[in-house]
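Presented below is the structure to which this report refers.
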Amino acid sequence: MDSQSDEQLAAAAQTGNVQAFGELVQRYEAAMQRYARRFLFTVTDTDDVVQDIFLKAFQNLQSFDAHRRFSPWLYRIAHNHFLNVIRKRSHEPVPFFDPDTLLPHPVAPDNPQRDQQDAELQHAITTCLDKLSPVLREVVVLALIEDLPHADIADILHVPIGTVDVRLSRAKVKLRHLCHHLAEHL
Amino acid sequence: MNPADLRKHIESAINTGRVHMRPRWHFVLRAIIRVAAVTLTGLVVLFLVSFVLFTLRASGVGVLTGFGWRGMIAYVTSLPWLIIVITLSLLVLLEIGIRRFGIGYRRPIAYTLLGILFALAVGGVILARTNLHTRWDTAATDQRLPVVGGLYRGFGPRAQHAVTQGVILETTMSGFTLQADSGETYMVTVEKSARIPTPEAITPGARVMVGGDVKNSTINAFGVRPATDDWQPGRGFRRGQ
C-alpha cells in the first residue's frame with residue numbers, strides 16, 4: 001500500500017477499502033495538524049478539528065475525481081472546515097468578499113527557496129503569524145509552511161492565482177512590519 | 001494524538017458505521033442542480049434585460065431625452081426600476097453561482113462580470129429585436145399569457161405613461177387635441193418652453209409623440225415630436241414660441 005499514490009488509495013477507498021482510507025489519513029495527518037495549528041492559533045483542540053476533516057473527507061469521498069490530485073481536494077475540505085471553526089469559535093472576521101479577487105493581478109513565479117533562506121521572514125512567521133488576519137495567515141501557512149504551489153493554493157481557496165500572489169506579498173510586508181514593531185517595543 | 005491513533009480512530013468510526021460515505025448520485029445530483037440553477041438564473045436575467053430593452057424601445061420613452069432636462073427627468077423616472085433592481089440582484093447571484101465553478105473562481109471578478117455583461121447585452125439586444133416580446137405583450141394585454149402576463153401588464157410598454165402617442169384631431173390656441181392610440185382623447189397644452197418640431201408639424205392628422213404630465217384628460221406637454229422612425233436623438237428640436 002506504501003507504493004500506491006494518493007489518488008490510487010482514494011480510488012480504492014471509494015470502493016469501500018477502509019484500509020486505503022486509513023493510509024491516506026496517516027499520510028496527511030501531520031500536514032493537517034500543521035495547517036490547523038498555524039491557521040487556528042486560538043483553537044487548542046486541533047486533534048478534534050483534524051479528525052473532523054478526515055471524517056468529512058470520507059463522507060464526501062465519492063465527490064473526488066480520482067483523475068485529479070488528492071492533496072488540493074483534501075486541503076479544500078480543511079479550508080472550508082477551518083473557516084467554519086474560526087467563525088464559530090474565535091470570532092475573527094472572515095470577509096465574505098475580498099476586493100483582491102475583483103481585478104487581475106500579475107502572477108509572480110513561485111520562489112519558495114528564496115523565502116526559506118530569508119531568515120528575517122522565517123523569524124517573522126514564527127513570532128508574528130498569529131497577528132495576521134485569517135485571510136493573510138492562511139496563505140502564509142499554505143505557501144510558506146506547507147510549501148504548496150500557488151496554483152494549488154488558488155484551487156484550495158477558490159480565488160484567482162494572482163490573488164494568492166497579492167495576498168502573499170501583502171502578508172510578507174505585514175509580517176516584517178509587525179516583527180520590527182515588536183522588536184522596537186521589547 | 002499520534003498518526004496511528006488517529007488512523008485507528010477513523011477506521012473504527014467507519015467500520016462501526018458511525019460515519020457513512022455519501023453515494024455518488026448525491027454529488028451528481030447536487031452538481032446538476034447547481035448547473036441548472038446557474039443556467040436558469042442566466043436565462044431569467046437575459047429575458048429581463050431584453051424585456052427592459054423592448055419596453056424602452058416599444059414605449060418610445062427614449063424620445064424624452066430630446067425634450068430637455070424635464071424630459072431627462074421624466075425618462076429616468078419612467079424606467080422600470082423594480083425590474084432593473086431585480087435584474088441586478090439576479091446578476092449578482094449569477095456571478096456568485098458562476099464563481100462556484102473552476103471557470104469562474106480562477107478568473108478575477110471583473111473578467112467574469114464583463115463576460116456576463118457582454119453576453120447579456122448581445123443576447124438581450126438580439127432577443128429584444130425578435131417578435132417574442134411583441135407577441136407576448138399582445139397576449140398579456142388580451143389576458144392570454146399566464147405566469148409572465150402580469151410583468152407585461154405592469155411594466156411593459158403599455159404601462160408607460162410618460163409619452164403619449166396619437167393623431168392630432170385639431171389645433172387650439174394653446175395646443176391641440178390628441179386622439180391617443182389607446183383610444184382616449186386628450187387636450188394637450190404646449191408649454192412655452194416646450195421642445196417642438198416646426199410648427200407646421202402640428203397640424204390636424206399628424207401623428208405625434210407627446211412628452212408631458214398627464215392629468216385626467218389633459219397633458220401639459222414639455223415636448224412634442226413627429227411619430228416617425230427617422231428621428232435621431234441629439235439632432236434637437238426648435239424651441240416653441
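The values are calculated or read from the model by the stated rules, or taken from the named source; none is laboratory data. Predicted model, so just to flag it, every value in this text is computed and none were measured. With ideal geometry, Cβ positions are generated from the backbone for all residues, glycine too; neighbour counts draw on all protein chains shown. All accessible areas refer to the heavy atoms of the entire protein, side chains included, with ligands and DNA or RNA removed. Shrake-Rupley method; radii C 1.70, N 1.55, O 1.52, S 1.80 Å.
Annotations for the structure displayed:
- Per-region count, segment A:1-38, residues within 13 Å of another protein chain (Cβ to nearest Cβ) and in contact (Cβ under 8 Å) with a residue 12 or more places away in the chain: 20
- Evaluated against (1) within 14 Å of another protein chain (Cβ to nearest Cβ); (2) surrounded by fewer than 22 Cβ atoms within 10 Å (Cβ to Cβ), A:Ile53 falls short on exactly one condition, (2).
- Filter result for B:Ser50 (of a type in the set (S, T, N, Q) and modelled with pLDDT under 90): no
- Checked across segment A:121-133, the condition of being part of a helix (DSSP H, G or I), over 23 Å from A:Ser90 (Cα atoms), open to solvent by 60 Å² or more (accessible area, probe 1.4 Å) and of a type in the set (Lys, Arg) holds for no residue.
- Condition check for B:Gly42: within 17 Å of A:Ala13 (Cβ to Cβ) and more than 9 Å from chain A (Cβ to nearest Cβ): no
- Tallying residues that are in contact with a helix residue (DSSP H, G or I) (Cβ under 8 Å, 6 or more places away or on another chain), more than 15 Å from B:Ile10 (Cβ to Cβ) and surrounded by fewer than 16 Cβ atoms within 10 Å (Cβ to Cβ) within segment A:9-38 yields 1.
- Residue match in segment A:171-185 (condition: open to solvent by 20 Å² or more (accessible area, probe 1.4 Å), closer than 25 Å to B:Gly102 by Cβ and in contact with a helix residue (DSSP H, G or I) (Cβ under 9 Å, 6 or more places away or on another chain)): no
- Residue identified as open to solvent by less than 10 Å² (accessible area, probe 1.4 Å) and away from chain B (no Cβ under 14 Å) among A:Phe41, A:Phe82, A:Phe64: A:Phe82
- Screening segment B:182-219 for residues that are small (Gly, Ala, Ser) and exposed (fewer than 15 other Cβ atoms within 10 Å of the Cβ) and picking the one that is farthest from B:Thr172 (Cα to Cα) gives B:Ser182.
- Matching entry among B:Ala119, B:Ala140 (being away from every other protein chain (no Cβ under 14 Å), closer than 27 Å to B:Val35 by Cα and surrounded by 12 or more Cβ atoms within 10 Å (Cβ to Cβ)): B:Ala119
- Given (1) modelled with pLDDT under 95; (2) facing another protein chain (nearest Cβ under 7 Å); (3) open to solvent by 70 Å² or more (accessible area, probe 1.4 Å), index of the condition B:Asn2 fails: (2)
- Qualifying positions in segment B:143-156 - open to solvent by 70 Å² or more (accessible area, probe 1.4 Å) and part of a helix (DSSP H, G or I): B:Arg153
- Selection within segment A:2-38 - of a type outside the set (D, E, K, R) and in contact with a Leu (Cβ under 7 Å, 6 or more places away or on another chain): A:Leu9, A:Ala10, A:Ala13, A:Gln14, A:Ala20, A:Leu24, A:Val25, A:Tyr28
- Helices (runs of 4 or more DSSP H) fully within segment B:12-123 counting 3 or more residues that are within 27 Å of the chain's Cα centre (by Cα): B:24-59, B:68-78, B:81-98
- Residue list for segment B:65-114, restricted to those being basic (Lys, Arg) and either over 30 Å from B:Thr164 (Cβ atoms) or loosely packed, with under 14 Cβ neighbours inside 10 Å (or both): B:Arg99, B:Arg100, B:Arg106, B:Arg107
- Looking only at segment B:18-39, and only at residues there that are loosely packed, with under 14 Cβ neighbours inside 10 Å and either under 16 Å from A:Ala13 (Cβ atoms) or among the aromatic types (Phe, Trp, Tyr) (or both), the one that is farthest from the other protein chains (Cβ to nearest Cβ): B:Trp25
- Those helices (runs of 4 or more DSSP H) of segment A:1-119 in which at least 2 residues are of a type outside the set (Lys, Arg), outside the structural domain of A:Ala171 (by TED's automatic domain parsing) and more than 18 Å from A:Leu168 (Cβ to Cβ), considering only elements entirely within it, cover A:6-14, A:18-39, A:46-59, A:70-85.
- Flag if A:Gly16 is at pLDDT below 95 and of a type outside the set (D, E, K, R): yes
- If the condition is being among the small types (Gly, Ala, Ser) and at pLDDT below 90, then segment A:122-170 contributes only A:Ala124.
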